[in-house]
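All remarks here apply to the structure that follows.
The values are calculated or read from the model by the stated rules, or taken from the named source; none is laboratory data. Predicted model, so just to flag it, every value in this text is computed and none were measured. Here the Cβ positions follow ideal geometry from the backbone for every residue, glycine too, while neighbour counts run over all protein chains shown. Protein only, heavy atoms only, side chains kept; ligands, DNA and RNA dropped before computing areas. Shrake-Rupley method; radii C 1.70, N 1.55, O 1.52, S 1.80 Å.
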Amino acid sequence: MTIRRLASLCTRALTCVALLAVVATAQQGPYRVASPDGRNVVQVESRDGALRYGVERDGRAVITPSRLGFTFRGAPALRDSLRITGRAERSHDERWTQPWGELTTVRDHHNELRVDVMEAGATGRRFAVVFRAFDDGIGFRYELPDQPGLRDYEISDELTEFALAENGRAWWIASNRPRLDRSEQLYSVGPVSTLDSVQTPLTIQMPSGLQVVIHEADLVDYPRMFLAGATMETRKLRAALAPWADGVKVRGRTPLVTPWRTIQLADRVEDLHPQVLTLKLNPPSRIADTRWITPQKYVGIWWGMHINTMTWSSGPKHGATTANTKQYIDFAAANGLTGVLVEGWNTGWDGNWIANQNAFSFTQAYPDYDLPALASYAKSKGVGLIAHNETSGGIANYERQMDDAFRLYRSLGITAIKTGYVADTVGGGHSHYGQFAVRHHRRVIETAARYGIMVDAHEPIHDTGERRTWPNMMTREGARGQEYNAWSGEGGNPPEHESILFFTRMLAGPMDFTPGIFDILMKRPTGVARTDEEPRVRTTLAKQLALYVVLYSPMQMAADLPENYAGQPAFQFIRDVPTDWASTRVLDGRIGDYVVVVRQQRGGQDWYLGAISDEDARTMDVSLSFLPAGTRYVAEIYADGPGANWRTNPLPVTISRRPVTSASRMRIALARGGGQAIRFRAVR
Ligand code: NOJ
Ligand code: CA
């Protein structure tokens, strides 16, 4: 209750004195919890009935006091008459091994503060907010226990605010564009005070130099969180949940535990990777034996459809034929790639496939595609098929068939699927990001796990660390990937795109970007550049190689047509590069400009470096002190060749070798739109 509302209740002087006495004591807290290193501090208090939290780092405000609470449909808000009635603190320190990823061992070391909250008045509804302070950020979530006054609920808004202490610069994509509420957009940059409605992870650089990333973890049965700007003049962002068709955001029955709201904090942009905050805020693995879960490189009957030389649908250009697939299997086997994705293998693609959602079968192959024979041919070559499941948003059609389909795949030894949700809405009118869709995606992951199947999801819900609990949730899209370079009229991805993705989308988790297009200009006579509007790739060829190291995915595609790799010495890098790492370090980077990242192979001594630039050329001097002292290495260097630049001369790659040790330094020159990829091969 505010003082003004209290004053309006003052009818007699005596009541006034009594009420104001309540106000004077109407404050609990602030209670504090600090990260193990003492630098990140969360404070929570209730004052005049409002519950607020704030965050400081090194004694300096990051989030100023920000409201917490909910509004409901059909019930009063939990917002204005809240008291902290209890609190509990605990500490936790644990290490575990991720079955695959950007690093082997994750340490979850945090201090926790739980505050119990009760509303004044007859209803007396109760909930708790749990805060965890880590050295790399903070997380908090609500817990609403089952109680008579709060059982079946319809949440109309989560009132969580993030009032930023400074007007930082944010890299953002919109969440409120009609028909564009998907994540496949180019990023913009601007002050937090100008943000309208944006997606997370939202990366913000404060004037003080602090790096802040707002996101969420452990999204299970709740809508995805967007962030809405309160007004143009404040720096206060509000949680904005993706709604059901009727406007309700969350429906269910208590107990309710919300996803964690996460605020990742780092002194330098380079320290944002590897991001493990969301992994720490997800439950441990539910899959006991993870040996069948295998990071991999794959090729696919895929790019041909995007550049129009093949079709998903049946007919003379049908890509998914038995003969074609055999060639892709042979190509994969010959080059040490272990997966073959086939799109357009199943019936339902004929006609307007985006509108065909109910026509898709996930078990019935086209007559020119011999599924069992191909699955066993692949197996005989040490390769696995990846079954494509485009739903066009037809969730009911997919869920009806899911068990049968996964059972079939399993019986054929197919251990991976790629899902897709190309549609404006899913399930007949639902948001891609609402509770309905979140539930569906979870069902897919859990069902797939039961059948021993790995998932690569396109048009997905954003990553909130699911892979900790379900390590068969391998990778996903959820941003503009390579495919945009194939389409005319879309403008393609500009040269700065991937160096923004690295510090934004990639802070959620792995991405199936599908790098490795070598035919950059798409079959133009040499020397003839395409116009800016025509479809083409806006990088050099060396940068395509570097993307395998920069943009992490446990399933990494060699996206081009096999014939475009023939006779290309640079393809050796794609053969060599791992998809599973023991450790990761960003040596240098600036959002939207460039990135230099090194990763250590898991189960081996080799290291790899990927460096990418935007539309500018740049030269960097890199210390190799990340290599273990005392081991000799040969650096196998794939650099932009003489005169290379993304626009007029993207193809030249110079491959060279030189002996190095941890004491060496290397000069890394990147062309305009260029990149460099290096394998540091340990010498025995
Ligand atoms: C969009 C996906 O991103 C792409 O990879 C796929 O080929 C098409 N949908 C068809 O499912
Ligand atoms: Ca897509």
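If only residues of the range 38-73 that are surrounded by fewer than 18 Cβ atoms within 10 Å (Cβ to Cβ) and not in a strand (DSSP E or B) are counted, the one that is nearest to the chain's Cα centre (by Cα) is R39. Those residues that are of a type in the set (D, E, K, R), more than 16 Å from ligand 1 (Cβ to nearest atom) and without any contact (Cβ under 8 Å) to a residue 12 or more places away in the chain, I need them from the range 271-320; list them, please. Passing the criteria: D289, R291. Screening V383 against (1) buried (at least 21 other Cβ atoms within 10 Å of the Cβ); (2) over 28 Å from R468 (Cα atoms) leaves a single unmet condition, (2). Only one of the numbered conditions (1) more than 15 Å from ligand 2 (Cβ to nearest atom); (2) open to solvent by less than 10 Å² (accessible area, probe 1.4 Å); (3) of a type in the set (D, E) is not met by D456, and that is (1).
Inside the range 435-453, can you point out the residues that are within 23 Å of T425 (Cβ to Cβ) and more than 16 Å from ligand 2 (Cβ to nearest atom)? Working first, answer last.
Keep residues of the range 435-453 that are within 23 Å of T425 (Cβ to Cβ), which gives 435-445, 447.
Once the filter is applied, which keeps residues that are within 23 Å of T425 (Cβ to Cβ) and more than 16 Å from ligand 2 (Cβ to nearest atom), the range 435-453 yields Q435, F436, V438, R439, H440, R442, R443, V444, I445, T447.
With respect to G641, determine if the residue is surrounded by 17 or more Cβ atoms within 10 Å (Cβ to Cβ) and either under 30 Å from V342 (Cα atoms) or of a type in the set (K, R) (or both).
On the way: surrounded by 17 or more Cβ atoms within 10 Å (Cβ to Cβ): yes; either under 30 Å from V342 (Cα atoms) or of a type in the set (K, R) (or both): no.
When the stated conditions are applied, G641 does not pass them.
What number of residues within the range 158-192 are farther than 27 Å from Y142 by Cβ, touching a residue at least 12 places away in the same chain (Cβ under 8 Å) and not β-branched (V, I, T)?
The first filter runs over the range 158-192 and keeps only residues farther than 27 Å from Y142 by Cβ, leaving 167, 169, 171, 177-180, 182, 184-191.
After this cut, where a residue has to be touching a residue at least 12 places away in the same chain (Cβ under 8 Å) as well, the list is 167, 169, 171, 179, 182, 184-191.
So of that shortlist, the ones also not β-branched (V, I, T) come out as 167, 169, 171, 179, 182, 184-188, 190-191.
Adding up the residues that qualify gives 12.
Taking the criterion of being in a loop (DSSP other than H, G, I, E, B) and among the small types (G, A, S), the residues of the range 425-464 that qualify are G427, G428, G429, S431, G434, G452.
Give the residue that is nearest to the chain's Cα centre (by Cα), with candidates limited to residues of the range 321-357 that are away from ligand 1 (no atom under 16 Å from the Cβ), open to solvent by 10 Å² or more (accessible area, probe 1.4 Å) and without any contact (Cβ under 8 Å) to a residue 60 or more places away in the chain. Spell out how you get there, then give the answer.
As a first pass, look at the range 321-357 and keep what is away from ligand 1 (no atom under 16 Å from the Cβ): 321-323, 326-327, 329-338.
Those still in the list that are open to solvent by 10 Å² or more (accessible area, probe 1.4 Å) too: 321-323, 326-327, 330-331, 333-336, 338.
Imposing the further condition that a residue be without any contact (Cβ under 8 Å) to a residue 60 or more places away in the chain reduces the set to 321-323, 326, 330, 333-334, 338.
Values: T321: 33, T322: 34, A323: 36, K326: 33, D330: 32, A333: 30, A334: 32, T338: 24 Å.
Filtering the range 321-357 for residues that are away from ligand 1 (no atom under 16 Å from the Cβ), open to solvent by 10 Å² or more (accessible area, probe 1.4 Å) and without any contact (Cβ under 8 Å) to a residue 60 or more places away in the chain, the one nearest to the chain's Cα centre (by Cα) comes out as T338.
Each row is one residue, and each column tells you yes or no for (1) at pLDDT below 95; (2) surrounded by 22 or more Cβ atoms within 10 Å (Cβ to Cβ).
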{"residue": "R179", "(1), (2)": "yes, no"}
{"residue": "R182", "(1), (2)": "yes, yes"}
{"residue": "P201", "(1), (2)": "no, yes"}
{"residue": "Q205", "(1), (2)": "no, no"}
{"residue": "H215", "(1), (2)": "no, yes"}
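Determine whether A617 is small (G, A, S) and either out of contact with any strand residue (DSSP E or B) (no Cβ under 7 Å at 6 or more places or on another chain) or farther than 27 Å from Q275 by Cα (or both). Taking the combined requirement at face value, the residue satisfies it. Taking the numbered list (1) in a strand (DSSP E or B); (2) surrounded by 14 or more Cβ atoms within 10 Å (Cβ to Cβ); (3) free of Cβ contacts under 8 Å to residues at least 60 places away in the same chain in turn, P76 passes all entries but (1).
Would you check if there is a residue in the range 523-539 being touching an Asp or Glu at 6+ places or on another chain (Cβ under 6 Å) and modelled with pLDDT of 95 or more? Scanning the range 523-539, I find no residue that is touching an Asp or Glu at 6+ places or on another chain (Cβ under 6 Å) and modelled with pLDDT of 95 or more, so the answer is no.
So which of G420, G428, G393, G348 ends up being at positive phi and within 16 Å of ligand 2 (Cβ to nearest atom)?
Values: G420 fails: at positive phi; G428 fails: within 16 Å of ligand 2 (Cβ to nearest atom); G348 fails: within 16 Å of ligand 2 (Cβ to nearest atom).
Of G420, G428, G393, G348, the one residue that is at positive phi and within 16 Å of ligand 2 (Cβ to nearest atom) is G393.
Taking the conditions (1) farther than 29 Å from V342 by Cα; (2) hydroxyl-bearing (S, T, Y); (3) under 19 Å from the mean Cα position of the chain (by Cα) in turn, Y594 satisfies each one other than (3). Among the residues of the range 408-424, those identified as surrounded by fewer than 18 Cβ atoms within 10 Å (Cβ to Cβ) and either without any contact (Cβ under 8 Å) to a residue 12 or more places away in the chain or in a helix (DSSP H, G or I) (or both) are R410, S411. Of the residues G491, G452, G465, the single one that is over 11 Å from the mean Cα position of the chain (by Cα), on the phi > 0 side of the Ramachandran plot and either modelled with pLDDT of 95 or more or within 12 Å of ligand 1 (Cβ to nearest atom) (or both) is G452.
Evaluate the range 89-109: report whether one residue or more is small (G, A, S) and either more than 24 Å from H273 (Cβ to Cβ) or open to solvent by 20 Å² or more (accessible area, probe 1.4 Å) (or both). Among the residues of the range 89-109, at least one is small (G, A, S) and either more than 24 Å from H273 (Cβ to Cβ) or open to solvent by 20 Å² or more (accessible area, probe 1.4 Å) (or both), which makes the answer yes.
Scanning for something open to solvent by less than 50 Å² (accessible area, probe 1.4 Å), more than 16 Å from ligand 2 (Cβ to nearest atom) and among the hydroxyl-bearing types (S, T, Y), does the range 367-377 turn up at least one residue? Break it down into steps so the answer makes sense when it comes.
If we filter the range 367-377 for residues that are open to solvent by less than 50 Å² (accessible area, probe 1.4 Å), which is where we start, we get 369, 371, 373-375.
Now narrow it down to the ones that are more than 16 Å from ligand 2 (Cβ to nearest atom): 369, 371, 373-375.
Keeping just the survivors that are among the hydroxyl-bearing types (S, T, Y) gives 369.
Within the range 367-377, one or more residues are open to solvent by less than 50 Å² (accessible area, probe 1.4 Å), more than 16 Å from ligand 2 (Cβ to nearest atom) and among the hydroxyl-bearing types (S, T, Y).
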